[in-house]
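Below is one structure, written out as structure tokens; comments come after it.
The values are calculated or read from the model by the stated rules, or taken from the named source; none is laboratory data. Here the structure is a predicted model, which means the values were calculated and not measured. Glycine gets a Cβ as well: all are built from the backbone with ideal geometry, and neighbour counts include every protein chain shown. In case anyone asks, the SASA skips ligands and DNA or RNA and just uses the protein heavy atoms, side chains included. Shrake-Rupley method; radii C 1.70, N 1.55, O 1.52, S 1.80 Å.
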Amino acid sequence: EMQAKGIQVETYTVQARTLAAPAEVARALKLARRTQVLCLDRVRGWGGQPVVHFRSYFHPRVGLTKDDDFRRPLYELIQERCSIIADQSLEELRAVSADRRLAQRLAVAVGTALLRRDRTVLDTGRRPMEFAVVHYRCDRFTLNLNLREE
């Protein structure tokens with residue numbers, strides 16, 4: 001999306017770890033509660049300023065590890081390394097306020113309005129492969145939707 005707009009996206013932080021799936025994650029990925037999942041945190045932006053924080057949780061069948069190179073395009077990495085293709089995304093959007101952790105990561109004041117995007121990505125077999133909670137700075141990001149009746 002950003003490349004199409006002529007924006008060079010930069011990655012500022014990447015942290016991957018394994019943890020027990022929180023209830024919300026287990027539901028979205030259709031896993032038993034507390035199943036071990038890979039959790040990936042990334043802060044990205046442009047022009048030297050953070051704009052978006054991604055927290056992604058991956059279904060164990062995806063097969064990523066904390067040693068993978070998460071600075072490259074995520075779905076390209078998954079397809080190449082794991083032979084799984086992201087096919088569909090289920091999205092939920094809402095406004096939230098930045099807590100202390102997000103304010104620090106996105107270089108905004110606590111309480112700043114952020115756009116929260118909960119996304120469940122399905123593979124070509126319609127199985128959940130990723131659940132992501134994404135927070136965007138509203139002063140540097142605009143989300144455009146093109147809806148069409150089918």
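Might you check whether a residue that is within 24 Å of residue 142 (Cα to Cα) and either in contact with a Phe, Trp or Tyr (Cβ under 7 Å, 6 or more places away or on another chain) or among the β-branched types (Val, Ile, Thr) (or both) occurs anywhere in the range 17-39? Within the range 17-39, not a single residue is within 24 Å of residue 142 (Cα to Cα) and either in contact with a Phe, Trp or Tyr (Cβ under 7 Å, 6 or more places away or on another chain) or among the β-branched types (Val, Ile, Thr) (or both). Residues of the range 20-47 that are assigned to a loop (DSSP other than H, G, I, E, B) and either open to solvent by 60 Å² or more (accessible area, probe 1.4 Å) or among the acidic types (Asp, Glu) (or both): 30, 32, 33, 34, 47. Of the strands (runs of 3 or more DSSP E) lying entirely inside the range 52-150, those carrying at least 1 residues that are open to solvent by 30 Å² or more (accessible area, probe 1.4 Å), in contact (Cβ under 8 Å) with a residue 40 or more places away in the chain and not small (Gly, Ala, Ser) are 86-97.
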